[in-house]
């Protein structure tokens, strides 16, 4: 995996099908079932002279469009500023339909996702510390741990809830079950590697619809009832034909 301080944005945007931005300074993990492909553009942001954990490096190293970016100088928020800058540059340079996923445990960086959603981009926030994200994701927003174990140390104090950003025209309004399910199904049918097991599907629904205020099980029922999604007795998922 290449490390650079000034990696250019790909010019041939037709090769990119999704963007993954990882805050390696605060949450150097990723979902175990995250769909990766040679067309996934991945950027990992680090403080100066920091290195990736071997597990993450092993998983990302085969990807041709994966790069780690070290902040040019130290400082508490140096890597955060660099990550925000690259998110803005990529948003301005890539087609609006390409989904962005931001992995971080930094509440402040969640504003990146809210702003991308506000301007019409499909964007998702993921953290491996669900107990810290509960206040902002809501009780129905299921956020996964990447390691599957219990959180270490004391549970962080829940921050005061923030007022949600206004939803863009392309995002279903909170609480509108049919519209949320329809929007999620459109995304699912476009995905290169959609979830094929019930547990993975519920996790994906929870992450991508956390701001809707709806439970994953409610959305799943609507997908089965109104959109032809099938789940067999072994938990295998079958998508409807486009």
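When ranked by the protection proxy of mean other Cβ atoms within 10 Å per residue, highest first, what sequence do the peptides 215-222, 228-235, 17-24 form? Working shown, then result.
Working: 215-222: 18.2, 228-235: 11.4, 17-24: 22.6.
Result, highest mean Cβ count within 10 Å first: 17-24, 215-222, 228-235.
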Query - Mean Cβ neighbour count within 10 Å, used as a protection proxy, ranking 114-127, 31-44 highest first - result: 114-127, 31-44
Query raised in the report: Rg (Å, one decimal) plus Dmax (Å, integer) for the alpha carbons of the range 28-69?
Result: 10.3, 29
Query raised in the report: Could the peptides 80-92, 46-58 be put in order, highest first, of the mean number of other beta-carbon atoms found within 10 Å of their residues?
Result: 80-92, 46-58
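Bear in mind these aren't lab numbers, they're just calculated from the coordinates by the rules spelled out. Values in this document were obtained by computation on a predicted structure and should not be read as measured data. No Cβ is skipped: glycine too gets one built from the backbone with ideal geometry, and neighbour counts run over all protein chains shown.
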